[in-house]
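Everything below concerns the one structure shown next.
The values are calculated or read from the model by the stated rules, or taken from the named source; none is laboratory data. No experiment lies behind these values; they were computed from the predicted model shown. Here the Cβ positions follow ideal geometry from the backbone for every residue, glycine too, while neighbour counts run over all protein chains shown. Each accessible area value is taken on the protein alone, full model and side chains, heavy atoms only, with ligands, DNA and RNA left out. Shrake-Rupley method; radii C 1.70, N 1.55, O 1.52, S 1.80 Å.
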Amino acid sequence: LLDQSHHMTDLFLEGPDAMKLLSDLGVNSFGNFGVNKAKQFVAVNDDGFLIGDAVLFHLEDGVFDLVGHPMVIDWVLFHSERGDYDVRTERDDNSAVRASGPPKYYRYEIQGPTAVAVLEEVTGAPLPETKFFNMADFTLAGHTVRGLRHGMAGQPGFELFGPWEEGDAVFDALLGAGENHGMV
């Protein structure tokens, strides 16, 4: 179990031109990039030189969360402000540079040979079939938790996230279920 809540900067994008902005700045294809999918977003300049990469979450129609190091976030934010895009943005800096308060989302990575068993125990249900870099919702500690299907270190697992205010309850529930599985 890894707490990533303070690790990266989030840029939330919303609006009818959000996907156009992202497709104008990245080398990625967005043809099949529907809601509840994520992808490694690779940002480039007009000459095709690499700016950087980040993970892009498609949360709802026209709503995205770009998670990564500030250079990609800055690049996308710069173009959203100066381009002709109908998009609203909200930046949530990582905790090392955030002016005040907690992050908008908690973000917990659960990986390893017993990750599935821990999640099934804590949710009280079999995990839904979820393809790599797709998302599913779980009920955990009485809260709806969104999970991105990962595969770090060759093991199945999820990156779980939700509103910061629910993070402690979710974390405690994960630790409680993890005791039976040797989770640290």
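For Asp93 and Ala117, the FRET efficiency from 1/(1 + (r/R0)^6), where r spans their Cβ atoms and R0 equals 25 Å, is about 0.10. Residues within the reach of a label modelled at His7 (point 7 angstrom out along Cα to beta-carbon, backbone nitrogen below 12 Å), restricted to segment 30-74, are 55, 68-69.
Other residues lying with their Cβ under 15 Å from the Cβ of Ile110 contribute a combined charge of -4, Lys and Arg counting +1, Asp and Glu -1.
Think of segment 97-184 as having a plus end and a minus end, set by charges on the Cβ of Lys, Arg, Asp and Glu; of His150, Ala125, Gly112, His150 sits farthest toward the positive end of this dipole.
Hydrodynamic analysis of segment 1-80 uses the Kirkwood radius over alpha carbon pairs. Inserted into Stokes-Einstein at 25 °C and 0.890 mPa s, it gives a translational diffusion coefficient of 192 µm²/s. Count Lys and Arg as plus one, Asp and Glu as minus one, and take only other residues whose Cβ is under 14 Å from that of Gln155; the net charge is then -1. Over all other residues within a Cβ to Cβ distance under 12 Å of Arg88, the charged ones net out to -4, with Lys and Arg as +1 and Asp and Glu as -1. Once Rg and the Kirkwood radius are both taken over the C-alpha atoms of the chain, their ratio Rg/Rh works out to 0.99. Accessible surface computed residue by residue for the chain, with neighbouring protein chains in place and a 1.4 Å probe, gives 50 Å² per residue. Across the alpha-carbon atoms of segment 63-158, the computed radius of gyration and Dmax are 16.7, 48 angstrom. Heavy-atom surface analysis with a 1.4 Å probe gives segment 55-184 a carbon and sulfur content of 52 percent of its accessible area. Here the spin labels are modelled as points 7 Å beyond Cα on the Cα-Cβ line, and at His143 and Asn180 they lie 2.2 nm apart.
With all protein chains in place and ligands, DNA and RNA left out, the 1.4 Å accessible area ranks Asp10, Asp84 as Asp84, Asp10, largest first.
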